[in-house]
Every structure is written in C-alpha cells, then in structure tokens.
Amino acid sequence: MSAHKLIVVTPVYEDRDVAERLFRELRALYGATLFVLAVDDGSVREPLTVEVLERAKVDGAILRLVRNVGHQRAIAIGLGYVAQIVQEGQTVVVMDSDGEDLPGSIKDLLDELRDERVDMAVAARRSRVETFRFKAFYVLYRLMFRVMTGKQIGFGNFMALKPHAVRRLASMQELQIHAAATAISSKLRIAVTSIARGPRYAGQSKMNFVGLVLHGFKAMMVFAEDVLVRVGVSCAGVGVITVLGIVSAIALKLTGYSTPGWFSVALGLMTLILMQTGALTLMTLMLVGVMRAGNVATKVCYQDFIEKIMEHRVSND
C-alpha cells in the first residue's frame with residue numbers, strides 16, 4: 001500500500017459482481033496509483049475473493065470479517081486498518097461499492113484536498129433519484145439533526161481524507177456508529193463539494209426504510225451529550241411554564257374567575273406535567289454525567305473482526 005497515492009476503502013456485502021465492476025472503473029481512471037481495500041462485511045452467498053481483484057487488475061486487499069457488522073462499522077474497520085499504515089502523501093477515499101458514488105467524482109474531492117486549510121473533503125448530493133417517502137424522511141432527518149444537535153449534516157460516506165484525518169477518525173469510537181456525524185464531531189476542517197449521485201450498478205439497496213430511520217437516529221447518537229443537554233433545557237423550560245400555569249390557576253381560583261371543576265382539572269394536569277418533566281430532567285442530567293465520566297476516546301479494535309486478509313498485487317512483468 002505504501003507505493004500507491006490513492007487508497008480506496010469500500011464496504012461490500014453480498015455484491016461481488018457489483019464490486020468487481022467498481023474496481024474495474026477505478027483501475028481505468030487511476031491506474032497504478034490505486035490501491036483498493038475492500039471490507040467484505042461477512043458475506044455468505046457472494047463472498048469476495050482475490051480473483052475479483054485479479055480480474056479487475058488492481059492492487060488491493062480484502063478484509064473478510066467474521067460476521068456481518070453493518071455498513072458503518074465496516075467502514076470503521078477499514079479506516080482502522082488503513083490508519084496503521086497510511087503515509088504522508090497518500091490520500092484515502094471512502095465510498096460505497098454499489099455505483100451511487102461515482103469513481104469519476106473522486107477527482108472533485110481530491111481537488112478540494114489540495115487546499116492546505118482542508119483536512120477532508122465530503123460529497124453533498126447534487127440530486128437524488130429516490131422515492132417521495134425517502135426524500136421526505138431525509139428532509140425531516142436533517143431538520144431533526146439541526147434542532148437536536150445544533151449542527152448541520154448534508155453528506156454521507158463518500159469522502160476523501162488526508163493521512164492525519166484518517167488517524168484522527170480511527171481514534172474515535174463514534175466512527176463505528178455513524179461516519180459522517182463523526183467527521184463533524186472530529187473538528188476537522190471539512191470542505192463540502194456538490195457531486196451528482198450515480199445509479200446503482202445492479203439490484204436494489206439492502207437498506208430498507210426502517211434501516212434508514214435507524215441510520216438517522218445513529219447520527220444523533222454521536223452527539224448524544226448535546227442532545228441530552230438540549231432535552232434537559234427544554235424540560236426545564238416546560239417546567240417553568242407549568243409552574244407559572246399553576247400559579248395563574250390558583251390566582252384565578254382565589255379571585256373567583258374559574259368555573260366549577262376547572263381548577264381541579266387544570267391543577268391536576270399541570271402538576272402531572274411538572275412531575276414528569278422534573279423526572280425527565282433529572283434522568284437527563286444523570287445520563288450527561290455518566291457520559292462525561294466515561295467519554296474516553298478509544299480506537300476501534302478492528303483486529304477482533306477480521307477473519308482473513310487476502311492481498312493481490314498486479315504483476316509488473
């Protein structure tokens with residue numbers, strides 16, 4: 001890997017033919033400067049073999065995982081592996097293997113990295129060919145992320161990184177939860193470039209709607225402390241409003257402006273709301289304290305998930 005300028009990390013799950021097509025296109029564009037690290041995420045029906053790299057005529061390696069760990073953790077394992085050996089002057093690109101991340105768009109990300117003030121370049125989708133339900137959920141997801149974390153997210157896994165950025169991300173335990181959110185949390189200098197989304201090479205996405213919803217919630221889990229603090233502040237605000245409502249209800253009762261039965265119902269409801277918000281606020285504060293006490297960055301132990309490493313190098317003959 002040390003002889004290559006471009007290292008592409010891509011997770012693959014039960015998509016051997018699709019991955020081979022990606023490798024061929026990458027080879028055609030970037031030639032001998034390319035090294036492909038494919039993370040086989042526990043495929044059973046179509047596991048990646050070294051013959052795939054041979055037919056594509058690319059230098060590369062396959063990390064076969066002992067079990068299916070999911071898309072994000074597979075990326076974390078690949079970056080953890082690369083972080084140990086990446087050298088200055090090399091660039092690491094993370095991309096999906098299904099064709100939606102276009103190999104030709106890598107050049108746009110690399111152009112952004114030429115700026116010394118940029119640590120990583122990420123792709124924001126210029127257009128999406130998706131169902132209305134997916135688009136509606138995506139808009140809602142971005143809105144919720146902004147409200148709950150105070151930050152914006154508009155990119156996915158397609159990114160290019162300098163060596164120090166790879167090592168920084170690999171040292172963050174949140175990487176295995178959500179790569180894009182971890183990039184934001186890392187405080188690295190990020191350049192966002194608009195890139196068109198390509199069509200899938202073949203088949204349908206293995207990510208169903210429930211999986212997409214879970215993926216969105218995982219992005220907020222990376223900023224769990226921020227989310228908890230905002231929830232706590234909101235609960236405190238509701239508590240203050242409720243107390244003011246109780247005081248107002250008592251004042252109306254004492255001055256004779258309340259109708260029969262209204263005071264007891266209003267007081268009961270507001271007391272119940274106050275107790276619930278108080279309990280939720282207390283739980284939130286306790287969770288924030290626990291998270292701060294255990295917030296120690298640890299590297300992803302990628303070695304525990306790797307069953308086999310298969311390497312291939314194109315002959316120079």
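The values are calculated or read from the model by the stated rules, or taken from the named source; none is laboratory data. Bear in mind that the values here come from a model prediction, so they are computed numbers and not experimental data. As a convention, Cβ positions derive from the backbone with ideal geometry for all residues, glycine included, and neighbour counts pool all protein chains shown.
Here is how the numbers come out for the structure above:
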quantity	calculated
Any hit, the range 38-53, residues being hydroxyl-bearing (Ser, Thr, Tyr) and either surrounded by fewer than 16 Cβ atoms within 10 Å (Cβ to Cβ) or more than 20 Å from the chain's Cα centre (by Cα) (or both)	yes
Meets criteria (in a helix (DSSP H, G or I), of a type in the set (S, T, N, Q) and more than 38 Å from the chain's Cα centre (by Cα)) for Ser234	no
Residue within the range 107-117 that is touching a Phe, Trp or Tyr at 6+ places or on another chain (Cβ under 6 Å), modelled with pLDDT of 90 or more and surrounded by 15 or more Cβ atoms within 10 Å (Cβ to Cβ) present	no
Pick from the range 146-170, criterion in a helix (DSSP H, G or I) and in contact with a helix residue (DSSP H, G or I) (Cβ under 6 Å, 6 or more places away or on another chain), ranking: farthest from Gln303 (Cα to Cα)	Met148
Test: residue in the range 68-82 that is under 23 Å from Met172 (Cβ atoms), in a helix (DSSP H, G or I), in contact with a Pro (Cβ under 8 Å, 6 or more places away or on another chain) and of a type outside the set (A, V, I, L, M)	yes
Selection from the range 34-46 of residues that are in contact with a helix residue (DSSP H, G or I) (Cβ under 7 Å, 6 or more places away or on another chain) and in a loop (DSSP other than H, G, I, E, B)	Asp41, Glu46
Options Gly60, Gly89, Gly104; residue that is assigned to a strand (DSSP E or B), of a type outside the set (A, V, I, L, M, F, W, C), in the same structural domain as Leu175 (by TED's automatic domain parsing) and closer than 23 Å to Lys162 by Cβ	Gly60
